[in-house]
Each structure stands twice: as structure tokens, then as C-alpha cells.
Amino acid sequence: MRSVLVLAAFLAALPAWGQQVWPPPLPKLDFKGVAVQPVGEALDEKVLEPGIELLAKHDVLGLGAEAERVEAWRAGRSGLRIAGEAGSPRLIDDKGAAFPLSPELGVALRRMNAYFGLTGPTLAHPITTEEFRAALLTPEAVVSVRGVFERTLSERIVVKGKPYMPELGGELTLDAGRVAFHFHDDLVRPLLRELVARGDDPAALQRLFDEEPAKMALLDPQEILKKHLVKRRQWDAEGKLSQEKRDQILRMVVDTVAELAAGHYSGDASTQLKDMLTSDWSGRYAGTWHCHPPDAAAEGFVGDYPPSEDDYEATAKTGEEIVFVFLPDGYDVYQLSLAPAGSNPYGNRPKPVASYRSEGWRAYFQALFEKNIRAK
């Protein structure tokens with residue numbers, strides 16, 4: 001009985017039969033188009049031109065052959081993106097065509113993309129002098145700069161028993177107020193070590209010139225050793241000097257070239273690319289950098305070598321160069337900018353953008369001297 005009453009109440013609430021359309025019209029649905037998000041990460045134009053081409057040319061990390069295949073595949077394509085997980089990356093174009101990549105090349109292209117991605121944040125929020133100075137003097141920055149000079153000590157080159165700490169260089173970023181050093185391998189330092197090791201063998205030294213002419217030109221820009229080897233062959237043929245005397249002169253020439261070369265940093269596109277592809281990049285770009293390392297004196301490390309003419313020549317190429325100068329009790333940082341046309345920057349060096357001094361620093365490096373230099 002109760003169910004009958006409920007049904008009667010429901011029917012009474014309906015409009016009179018014939019006053020409604022049955023079945024009732026469907027509601028009008030407003031379907032809005034939803035944009036399909038493209039798959040993967042867009043590649044910066046500089047990754048495509050000239051990044052991949054340079055990677056192929058210099059065969060960085062052994063990826064040259066694969067980079068050449070990528071170059072051939074991408075010809076005539078547009079909208080290239082990198083997609084896929086780390087273990088199975090791939091390139092895709094705007095039409096959906098895909099090209100599989102090795103995990104190694106996938107990582108390399110993503111890091112290269114992150115490197116060029118620094119441009120946007122840097123232009124949007126340029127690093128001010130005050131901000132840079134503050135970042136260079138934080139406790140974390142002091143530890144990082146100290147690590148740079150420690151690395152020069154670990155990579156020292158010994159000539160006639162005297163250690164030479166080499167210059168190091170690379171690129172610098174600033175991320176959330178923290179300075180990050182990115183190191184470029186020195187282009188000729190392995191060859192310099194070989195030069196020192198073979199310093200008593202004129203035939204082996206000549207082979208270095210024959211096999212690596214461009215790099216040896218960087219090691220011996222004044223051709224001191226190259227010309228001496230020609231003279232040495234004449235002396236050997238004529239027999240005018242004793243073998244002992246000829247060997248003494250050769251060793252003296254090799255040591256001179258090694259001493260001059262040890263204090264200079266050399267790099268090219270391949271060394272920059274290697275760093276680019278093996279480092280993680282974030283934040284803003286501060287510029288290229290190199291250091292002026294300490295010298296080993298009788299009782300400890302000495303330093304305080306300000307920017308040189310070579311540094312301004314580097315600035316003319318890069319537009320800006322940051323120089324970290326070792327001092328026995330700290331460090332100075334110089335920020336060199338391209339000088340106006342017609343000016344003479346060498347007579348008007350800037351003051352350091354930041355200077356750090358600490359007796360703790362002096363004690364730390366004195367302990368390293370005692371352990372690594374005096375004890376040897």
C-alpha cells in the first residue's frame with residue numbers, strides 16, 4: 001500500500017500527459033578543443049646548430065659516429081625533441097618520426113640542452129657585481145675555491161725536481177647564490193707530461209712534433225725545442241760536441257719549454273664540449289674562468305699573480321674572463337670585461353671583485369706544502 005502511495009505522489013508531480021516531449025532533449029554539451037601536449041623536451045637551436053655537428057667532428061666521449069647518423073637523419077626535419085626514459089631515449093620530429101639514441105648520447109644531448117638553457121635565466125636576471133661578490137665569499141665558495149687550488153697541487157708537473165702547479169679553467173655558474181665550478185680538460189697537458197718523460201730521447205721528441213703538430217705548437221709556441229731538434233741532428237752528424245754535452249743541452253731546452261708551458265691553460269671546442277656533456281647545469285651563467293695557482297718557494301706556497309696580458313687576450317675572445325688568484329692567506333677574484341675599442345686595459349687593471357683572507361687558509365695550505373712538497 002505504501003509503495004502505491006509513493007508512485008501516486010510521483011505521478012502527480014509530473015506535467016500532464018502530452019505537455020512534455022518524450023524522450024526529453026539531451027542537454028547541449030559544449031565540447032572544447034584540448035591542445036595535445038607535445039612529447040618530450042624541445043631541443044635548443046644551438047644543440048642542433050652547431051652542437052651535434054661539433055660533437056661529430058670532435059668525437060667527444062666516443063659519440064662522433066652516432067652524432068653523424070643523427071645529423072643525417074635530422075636533415076630537412078623540424079621541431080626536434082628528445083623523449084623517452086634514460087635507458088631508451090629517442091629523437092622525434094614534429095610529424096612523429098622517431099630516431100632511437102644510445103643512453104650515452106641521450107644524456108649528452110640533455111646536458112647540452114640544459115647548458116644552453118642557462119641563457120634564458122641569465123638574461124632575465126643578470127648577475128650583479130654585488131650578488132657575485134657575495135656568492136664568492138660564502139663559506140661554501142671558500143671551500144670550492146680552495147678545492148680548485150688543491151687540484152692544481154694534485155696535477156702538478158715536476159721539472160728538474162721543481163713542482164709546477166698548472167692553471168686550471170672552465171666555466172662558472174651561479175645557482176641559488178652558490179658558485180659552481182665546471183672544469184675543462186687542458187688540451188695539451190697530457191702531451192706536456194709525455195714531453196717531460198721523454199726529455200732525454202730526441203727521436204721520441206721529434207715523433208711528438210710529427211704526430212701532434214698543432215698541440216706541440218701550443219706547447220712550444222716560440223719553437224725553442226723544434227729548432228733545437230734540427231740543430232741536434234746536425235750535431236749528431238758532425239760529432240762536434242760530446243754525447244754528454246748534447247744531452248745536457250737537450251734536457252735544458254726541454255725543461256725550459258716545460259716550465260713555460262706548465263703555467264698556461266689551453267682549451268678548444270672539444271674540451272668545452274666534454275665538460276658540457278659530463279656536467280649537470282642549472283642556474284645562471286657567470287662566465288669562463290681560470291686560476292693563477294701558487295708557486296712552491298723554500299718555506300711554503302707563494303702567489304699573488306694578478307691578471308696578465310694573456311688574460312686580456314682571452315677576454316677579447318670570450319667577452320668576459322674570471323681570474324682566481326692564489327695568495328698565501330686567501331684569494332682575489334678578478335672579473336675582466338672586454339675593454340672599449342682603442343683603450344689600453346693593461347695599464348688600468350680593475351680591482352678584485354672579491355677578496356678573501358684567513359689565517360686558517362694559510363695554515364691549511366702550509367700543511368699541504370709540508371706533506372706534498374717538502375716531504376718529497
*Search the range 329-340 for residues being at pLDDT below 90 and surrounded by fewer than 21 Cβ atoms within 10 Å (Cβ to Cβ), and hand back the single one that is nearest to Ala286 (Cα to Cα).*
Ser337
*Could you check, for the range 147-157, whether at least one of its residues is more than 30 Å from Val39 (Cβ to Cβ) and in a strand (DSSP E or B)?*
yes
*Do you know which residues across the range 278-323 are of a type in the set (S, T, N, Q) and at pLDDT 90 or above?*
Thr278, Ser279, Ser282, Thr288
*Filter the range 80-89 for residues that are of a type outside the set (Asp, Glu) and free of Cβ contacts under 8 Å to residues at least 24 places away in the same chain and give the result.*
Ala86, Gly87, Ser88, Pro89
*Residues that are more than 19 Å from the chain's Cα centre (by Cα) and of a type in the set (Asp, Glu): which helices (runs of 4 or more DSSP H) entirely in the range 65-142 hold 1 or more of them?*
129-136
*asked:* Regarding the range 278-288, can at least one residue be identified that is over 19 Å from Leu118 (Cα atoms), assigned by TED's automatic domain parsing to the domain that holds Glu321 and of a type outside the set (Val, Ile, Thr)?
replied: no
*Residue by residue through the range 143-168, note down the ones that are under 14 Å from Ala262 (Cβ atoms) and either of a type in the set (A, V, I, L, M, F, W, C) or within 19 Å of the chain's Cα centre (by Cα) (or both).*
Thr152, Leu153, Glu155, Ile157, Val158, Val159, Met165, Pro166, Glu167, Leu168
*Could you name every one of the helices (runs of 4 or more DSSP H) located completely within the range 219-297 that has at least 2 residues being polar (S, T, N, Q) and under 28 Å from Ala56 (Cβ atoms)?*
269-278
*Within the range 292-328, can you find the residues that are of a type in the set (Phe, Trp, Tyr) and either in contact (Cβ under 8 Å) with a residue 24 or more places away in the chain or surrounded by fewer than 16 Cβ atoms within 10 Å (Cβ to Cβ) (or both)?*
Phe301, Tyr312, Phe324, Phe326
*Residue that is surrounded by the most Cβ atoms within 10 Å (Cβ to Cβ) [pool: residues in the range 223-261 that are without any contact (Cβ under 8 Å) to a residue 24 or more places away in the chain and among the polar types (S, T, N, Q)]*: Gln248
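The values are calculated or read from the model by the stated rules, or taken from the named source; none is laboratory data. Bear in mind the structure is a predicted one, so any value in this text is a computation, not a measurement. Positions of Cβ are backbone-derived with ideal geometry, glycine not excepted, and every protein chain shown enters the neighbour counts.
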